[in-house]
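Colleague: Let me begin by handing over the structure; questions about it come next.
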Amino acid sequence: MVMWIILGIVAVLVIWAVAIYNGLIRLKNRVDEAWSDIDVQLKRRYDLIPNLVNTVKGYAQHEKEVFEKVTEARTRAMAAQSAGDKAQAENMLSQTLKSLFAVAEAYPDLKANQNFLELQGELADTEDKIQASRRFYNGNVRDFNIKIQVFPNNIFAGMLNFTAREFFEAEGEAKEAVKVEF
């Protein structure tokens, strides 16, 4: 009789460990999938930027400094690896893109150019998709971090080297609302 009780306890513990492990793996994979979604949208944005810069260059050839800053920010963003580094680089890229659009405001012919308008629309659509992907990623990171930090999961997660993930957060100027003046 004692043997059956011991076997029952061992079976319950094994089932419990398997359930925790599977839950951790499921959430880890969701976080990885969400990060992949962000990567896809960022790649789309990186591909649009050179076309946008070249279009603006045709009208504003003497704005060389702005083009160099956009190109440099794009390169840094593409090279960033961790979520924190990527978020910081993306925030800098967003700021330089704002300066590029500010330059475009000074050129009425450029603002009316169909190619520029299409690229601007594509970039705006991509920015919206990036924001949605960030929210999806951060939600999954939140769920994963909670799962590995609550007791008794934290003991099991620690033994299996599950570590908390970084959120993809906006910093400083990127958190401020965009000011529109007429």
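Colleague: If ILE146 passes every condition in (1) more than 26 Å from GLU63 (Cα to Cα); (2) in contact with an Asp or Glu (Cβ under 9 Å, 6 or more places away or on another chain) but one, which one does it miss?
Modeller: Of (1) more than 26 Å from GLU63 (Cα to Cα); (2) in contact with an Asp or Glu (Cβ under 9 Å, 6 or more places away or on another chain), only one is false for ILE146: (2).
Colleague: Residue under question is LYS57, and the condition is that it be in contact with a Phe, Trp or Tyr (Cβ under 9 Å, 6 or more places away or on another chain), in a helix (DSSP H, G or I), surrounded by fewer than 18 Cβ atoms within 10 Å (Cβ to Cβ) and without any contact (Cβ under 8 Å) to a residue 12 or more places away in the chain; does it hold? Let's see the steps before the verdict.
Modeller: Details: in contact with a Phe, Trp or Tyr (Cβ under 9 Å, 6 or more places away or on another chain): yes; in a helix (DSSP H, G or I): yes; surrounded by fewer than 18 Cβ atoms within 10 Å (Cβ to Cβ): yes; without any contact (Cβ under 8 Å) to a residue 12 or more places away in the chain: yes.
Here the answer is yes, as LYS57 does meet what is asked.
Colleague: Only one of THR126, THR55 is over 30 Å from LEU24 (Cβ atoms) and in contact with a Lys or Arg (Cβ under 6 Å, 6 or more places away or on another chain); which? Let's see the steps before the verdict.
Modeller: Details: THR55 fails: in contact with a Lys or Arg (Cβ under 6 Å, 6 or more places away or on another chain).
Going through THR126, THR55 in turn, just one is over 30 Å from LEU24 (Cβ atoms) and in contact with a Lys or Arg (Cβ under 6 Å, 6 or more places away or on another chain): THR126.
Colleague: What number of residues within the range 40-66 satisfy the criterion of being closer than 18 Å to THR126 by Cα, over 17 Å from the mean Cα position of the chain (by Cα) and basic (Lys, Arg)?
Modeller: 0
Colleague: Please go through the range 1-50 and give me each residue that is surrounded by 15 or more Cβ atoms within 10 Å (Cβ to Cβ), farther than 16 Å from PHE144 by Cα and in contact (Cβ under 8 Å) with a residue 40 or more places away in the chain, ordered by number.
Modeller: The answer is ASP37, ILE38, GLN41, LEU42, ARG44, ARG45, LEU48, ILE49.
Colleague: Considering only residues of the range 94-139 that are among the aliphatic types (A, V, I, L, M), at pLDDT below 90 and surrounded by 15 or more Cβ atoms within 10 Å (Cβ to Cβ), which is nearest to ILE38 (Cα to Cα)? Give the steps one after another, and end with the answer.
Modeller: Residues of the range 94-139 among the aliphatic types (A, V, I, L, M): 97, 100, 102-104, 106, 110, 112, 117, 119, 123-124, 130, 132.
Filter again for at pLDDT below 90, leaving 97, 100, 102-104, 106, 110, 112, 117, 119, 123-124.
Add one more test, that the residue is surrounded by 15 or more Cβ atoms within 10 Å (Cβ to Cβ), and what stays is 97, 100, 103-104, 110, 119, 123.
On the way: LEU97: 18, LEU100: 23, VAL103: 28, ALA104: 27, LEU110: 30, LEU119: 20, LEU123: 15 Å.
Selected residue: LEU123.
Colleague: From the list TRP35, TRP16, TRP4, which one is among the aromatic types (Phe, Trp, Tyr) and either within 16 Å of the chain's Cα centre (by Cα) or outside any helix (DSSP H, G or I) (or both)?
Modeller: Details: TRP16 fails: either within 16 Å of the chain's Cα centre (by Cα) or outside any helix (DSSP H, G or I) (or both); TRP4 fails: either within 16 Å of the chain's Cα centre (by Cα) or outside any helix (DSSP H, G or I) (or both).
Going through TRP35, TRP16, TRP4 in turn, the sole match is TRP35.
Colleague: Okay, next question. Just one of (1) at pLDDT 90 or above; (2) not in a helix (DSSP H, G or I); (3) not aliphatic (A, V, I, L, M) trips up GLN81, so point out which.
Modeller: GLN81 satisfies all of (1) at pLDDT 90 or above; (2) not in a helix (DSSP H, G or I); (3) not aliphatic (A, V, I, L, M) except (1).
Colleague: List the residue pairs whose Cβ atoms are under 8 Å apart, where the first residue sits in the range 97-111 and is in contact (Cβ under 8 Å) with a residue 12 or more places away in the chain and charged (D, E, K, R), the second is assigned to a helix (DSSP H, G or I) and surrounded by 15 or more Cβ atoms within 10 Å (Cβ to Cβ), and the two are 6 or more positions apart or on different chains.
Modeller: ASP109/TYR59
The values are calculated or read from the model by the stated rules, or taken from the named source; none is laboratory data. Computed from a predicted model, the values in this text were never measured in an experiment. Please note: Cβ atoms are built from the backbone with ideal geometry, for glycine as well, and neighbour counts cover all protein chains shown.
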